[in-house]
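Data block below; observations after.
The values are calculated or read from the model by the stated rules, or taken from the named source; none is laboratory data. None of the values given here were measured: they were computed from a predicted structure. Positions of Cβ are generated from backbone atoms using ideal geometry, with glycine treated the same way; all protein chains shown enter the neighbour counts. Accessible surface areas use protein heavy atoms only, side chains included; no ligands, DNA or RNA. Shrake-Rupley method; radii C 1.70, N 1.55, O 1.52, S 1.80 Å.
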Amino acid sequence: MKSEKYKIRFSPKTLTCIFHFSFKKVNVMKKILHTFLIMLSLLALSSCSDNGESEYTLTNSIRIVSQTVSDMSVKASEGTIIVDAPSPIDATSTSNWFSTSVNANTITVKTTDNLNIEYRSGKVIIKSGNDVAEVAVIQKGSIISVDAKDMFLNDEDTTFVVPYNCNIDLKCQTKEKWITCKTEAEALHITVEENTTGHLRNGFVYYETGSTKDSIFIQQCDIERDLLGEMLLISGAEETAPVSVELISETDTVGNVSYALAFSDYDLSIPVSIDENTCIITINAGQKVGTFQGHSVYTVLYDDFTNDINLEKQVGMSARFFYNEEDNATYAVFEDNGKWGNNHAASSIKLCAYDKQGNLIGSLLEFCVPILIK
């Protein structure tokens, strides 16, 4: 049988449909191809990025195996950095308070004492071939806490202990022959000899650690043995003749002790208070000190700057006794005790006479910036 040839003819409408379909198919294929190319590009970029990171990791061949330099003691000490590198290493310091040395793959870091309270830090720069690595060196700051306060003692010999907390060596010293000090078991051990001088004495124990320096004030005083007796009362701000007084004590029937400054040339006596611990003496306003020609005499405090007076008993002037070895004398310089208020400050003590109606008759004695001398 012979094969027959068939001719297929499409109508114009059919040809239009076929052409439209073919065109849409081509567009779809183009979009698919375009999307594929984009995904391929992204994959290539990602691959390049991964390869770059891998190359960087391989390039830096220095690996820190271990280190003991990130929390170093406040005291001079050593730490080590152990590295793994395919070629010889070199290490340098970025700070002058520590040094570095290299032995094979071990770096030794040596610090000096940190005398400051702040932490400090630096870096060790490690090189091996073309590769570089850095390791931070951190050193603690000094810590000091001394449970110290002024010591007011009687004349007996004694030893006392002052605890402290310190992470660096603490040193102590004194200039006084009658005081000795040493550090032992996280404490200052201070010994004071008996005071047989007949006057109060004071001195200091100095202690230091790193950049911290301070002192402890020590006073030996017995009121009866070292303060009572004849004195001079003068005006520190004026050239007036000194007045002879005597610091006396009196004990009542129940054992309470009171003190007074008795004027040798006048029948007057100023009541004073003396702190038995610190030996600070205080003269208050409004204290009756005696009579003069039938008039009552009282202590009056005077503000020389504002020209105001005060007779209120809580207002006073106080002084701390101290001994001057060069003069071989004990002094007490009076100053306002802060109780007046209203921007007033007592600078003078007056002994004033008043009549029965409370009128001021006159001033018998006046001491501007009063000073006692024994």
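Taken together, 147, 113, 157 contain a single residue that is within 30 Å of residue 190 (Cα to Cα) and touching a residue at least 40 places away in the same chain (Cβ under 8 Å), which is 113. Note on the range 165-179: residues that are within 18 Å of the chain's Cα centre (by Cα), crowded, with 16+ Cβ neighbours inside 10 Å and free of Cβ contacts under 8 Å to residues at least 40 places away in the same chain total 1. Considering each residue of the range 211-229 in turn, at least one proves to be touching a residue at least 12 places away in the same chain (Cβ under 8 Å), in contact with a Leu (Cβ under 7 Å, 6 or more places away or on another chain), acidic (Asp, Glu) and over 25 Å from residue 165 (Cα atoms). Residue 206 meets the conditions (1) over 20 Å from residue 324 (Cβ atoms); (2) part of a loop (DSSP other than H, G, I, E, B); (3) free of Cβ contacts under 8 Å to residues at least 60 places away in the same chain in every case but one. The failed one is (2). Taking the range 262-315, which residues are β-branched (Val, Ile, Thr) and either in contact with a Cys (Cβ under 8 Å, 6 or more places away or on another chain) or within 19 Å of residue 358 (Cβ to Cβ) (or both)? Residues satisfying the conditions are 289, 291, 297, 299, 300, 309, 315.
A quick yes/no check of all residues on (1) hydrophobic (A, V, I, L, M, F, W, C); (2) surrounded by 18 or more Cβ atoms within 10 Å (Cβ to Cβ); (3) farther than 19 Å from residue 219 by Cα:
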{"residue": "308", "(1), (2), (3)": "no, no, yes"}
{"residue": "321", "(1), (2), (3)": "yes, yes, no"}
{"residue": "329", "(1), (2), (3)": "yes, no, no"}
{"residue": "332", "(1), (2), (3)": "yes, yes, no"}
{"residue": "357", "(1), (2), (3)": "no, no, yes"}
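Going by the conditions given, is residue 277 open to solvent by 50 Å² or more (accessible area, probe 1.4 Å), of a type in the set (S, T, N, Q) and under 30 Å from residue 146 (Cβ atoms)? Judged against the criteria, residue 277 is a match.
Among the residues of the range 338-363, those identified as charged (D, E, K, R) and more than 14 Å from residue 314 (Cα to Cα) are 350, 355, 356.
Can you tell me which residue among 260, 285, 241 is open to solvent by 60 Å² or more (accessible area, probe 1.4 Å), of a type in the set (A, V, I, L, M) and over 18 Å from residue 156 (Cα atoms)? Of 260, 285, 241, the one residue that is open to solvent by 60 Å² or more (accessible area, probe 1.4 Å), of a type in the set (A, V, I, L, M) and over 18 Å from residue 156 (Cα atoms) is 241. Residue pairs whose Cβ atoms lie under 6 Å apart, sitting 6 or more positions apart in sequence or on different chains, and linking a residue in the range 356-374 that is under 14 Å from residue 346 (Cα atoms) and outside any strand (DSSP E or B) to a partner that is open to solvent by less than 70 Å² (accessible area, probe 1.4 Å) and of a type outside the set (S, T, N, Q), are 369/236; 369/237.
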